[in-house]
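Chemist: Sharing a structure with you now.
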Amino acid sequence: MYTQSFNVQDTPGTKAVASVPSKEDPALQAAFDTRIDADGRIEPQDWMPDAYRKTLVRQISQHAHSEIVGMLPEGNWISRAPSLKRKAILIAKVQDEGGHGLYLYSAAETLGTSRDQMLEGLHSGRAKYSSIFNYPTLTWADVGVVGWLVDGAAIMNQVPLCRCSYGPYARAMVRVCKEESFHQRQGYEALLVMMTGTEEQKAMVQDAVNRFWWKCLAMFGPPDADSPNSVQGMRWGIKRISNDDLRQKFIDATVPQAKVLGVTLPDPDLKWNEERQHYDYGQIDWDEFWATVNGNGPCNKERLATRVKAYREGEWVRDAAMAHARKQQERSMKEAA
Ligand code: BYC
């Protein structure tokens, strides 16, 4: 549904921001800047400024954690899916999210940060993950709405990342986006079926949309004027489209889908603006967003505790896998000797 965005244009003027000369090595810095300006790719073996590396680790690890924590709200419904078909789809989707987390941890590892370091950041509460996963999934309709709106917002944000300047991240995102596109469609289809059902089912869908709409708009991050990382991220070709522009694209794409589905979006200010050729929309509650990002959303503590418990309980599996790998290595060394 959103794959047309593979052709999206960069926000105009983003390359106009002056680069900050690095004290590390002017010649290497100049070569790096030239490659970035020519829209080339940076690979793990290439020289890169420390700040570029740090920014990538911050964003990719935050993204990986989001995929892993994002398994929890939907995983909650696997045992209560209304049919075998829906259960099979949901299991596959949750597994895909786990896979996305693993590709992304691997991409971040190519920058010299170990998975253990990243997980320590998550488990200690220092690292961020997407705000959206700190809200509960209260009914089966929430599972459909997460697919339609949460995955829809994720794709809108992630398709431009397929053109990110860092090669391993860009390549990981190509596959992630294909799978997310399927996730979004299955969510929308599940909701279409519910909307042909009883009045109670329709009300359940509307209620889920009402609860998730504003939280999904906040997923794109703070307004451009309050986004400290945007200018440099765009200068480096990590971010291609600004938070506000992506949010607007998401709204413009979603309003017609809501009409087809037969639900209303809970914003009295949502109106087509002929002059701008976009929908106008109301105020997002940024205080609530920051409270959630800073650990005080409805499910933050529960989500973190679940991940820490899973990590601890999985320790014996990791130990066994390592012992097995060591034995295999010893055996192949003996055979080679
Ligand atoms: N939640 O300067 P800004 C998914 C933080 S979907 C929490 O604009 P940046 C999935 C931001 O990290 C979601 N924190 O930052 C879907 C920064 O703090 P730090 C995952 C947020 O990096 C379905 C501060 O606010 N997608 O995985 O230029 C099922 C200032 O922001 C949020 C990604 O992660 C938020 N919503 O832009 C399962 C995509 N928004 O780091 C899974 C990759 C902002 O300085 N990430 N913050 O302490 C990105 O594209 C960018 O990092 C963002 C933020 C657009 C999110």
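Chemist: Considering only protein heavy atoms, what is the solvent-accessible area of H63 at a probe of 1.4 Å, reported in Å² to the nearest 10?
Modeler: 20
Chemist: If you don't mind, another one. At 1.4 Å probe size, with the rest of the protein present, what percent of the exposed accessible area of region 265-337 is carbon and sulfur atoms?
Modeler: With neighbouring chains kept in place, the figure for region 265-337 is 53 percent.
Chemist: Here is a further query. Measuring with a 1.4 Å probe in the full set of protein chains, what accessible area per residue, in whole Å², belongs to the chain?
Modeler: 50
Chemist: Taking the Cβ of D96 as the centre, find all other residues whose Cβ is under 12 Å away and add up their charges (Lys, Arg: +1; Asp, Glu: -1).
Modeler: Overall, the nearby charge balance is -3.
Chemist: Can I ask one more? Counting pairs of Cα atoms in the chain, how many percent are more than 34 Å apart?
Modeler: I get 29 percent for the Cα pairs in the chain exceeding 34 Å.
Chemist: Using DSSP loop states and a limit of at most 16 other Cβ atoms within 10 Å to flag GluC sites (Glu not before Pro), what is the longest stretch of the chain containing no flagged site?
Modeler: Counting at most 16 other Cβ atoms within 10 Å as exposed, the longest clean stretch of the chain is 25-273.
Chemist: I'm checking a number: the convex hull volume of the Cα atoms of region 96-213, normalised per residue, in Å³. What is it?
Modeler: Roughly 104 Å³ of hull volume per residue.
Chemist: Now a separate question. Mind telling me which of Q29, Q62, Q184 comes out most flexible in a GNM of the chain, alpha-carbon contacts under 10 Å?
Modeler: Top of the fluctuation ranking is Q29.
Chemist: Further, regarding this structure: How much mean residue ellipticity at 222 nm does the chain get from its helices, if each DSSP H run of length 4 or more adds -39500 (n - 2.57) and you divide by all residues, to the nearest 500 deg cm²/dmol?
Modeler: -19500 deg cm²/dmol
Chemist: Right, another one. Have a look at G144, G121, G221 and tell me which one the Gaussian network model of the chain (Cα, springs below 10 Å) gives the largest fluctuation.
Modeler: G121
Chemist: Hey, any idea what % of region 72-122's accessible area is carbon plus sulfur with a 1.4 Å probe?
Modeler: 59
Chemist: With a 1.4 Å probe and all protein chains left in place, how much of the accessible area of region 208-259 comes from carbon and sulfur atoms, in whole percent?
Modeler: Answer for region 208-259: carbon and sulfur cover 57 percent of the accessible area.
Chemist: In square angstrom, rounded to the nearest 10, how much accessible surface does R35 have for a 1.4 Å probe?
Modeler: Its heavy atoms expose roughly 100 Å² to the probe.
The values are calculated or read from the model by the stated rules, or taken from the named source; none is laboratory data. Remember, it's a predicted structure, so these values are computed and weren't measured experimentally. Cβ atoms come from the backbone with ideal geometry, glycine included; neighbour counts cover every protein chain shown. Accessible surface areas use protein heavy atoms only, side chains included; no ligands, DNA or RNA. Shrake-Rupley method; radii C 1.70, N 1.55, O 1.52, S 1.80 Å.
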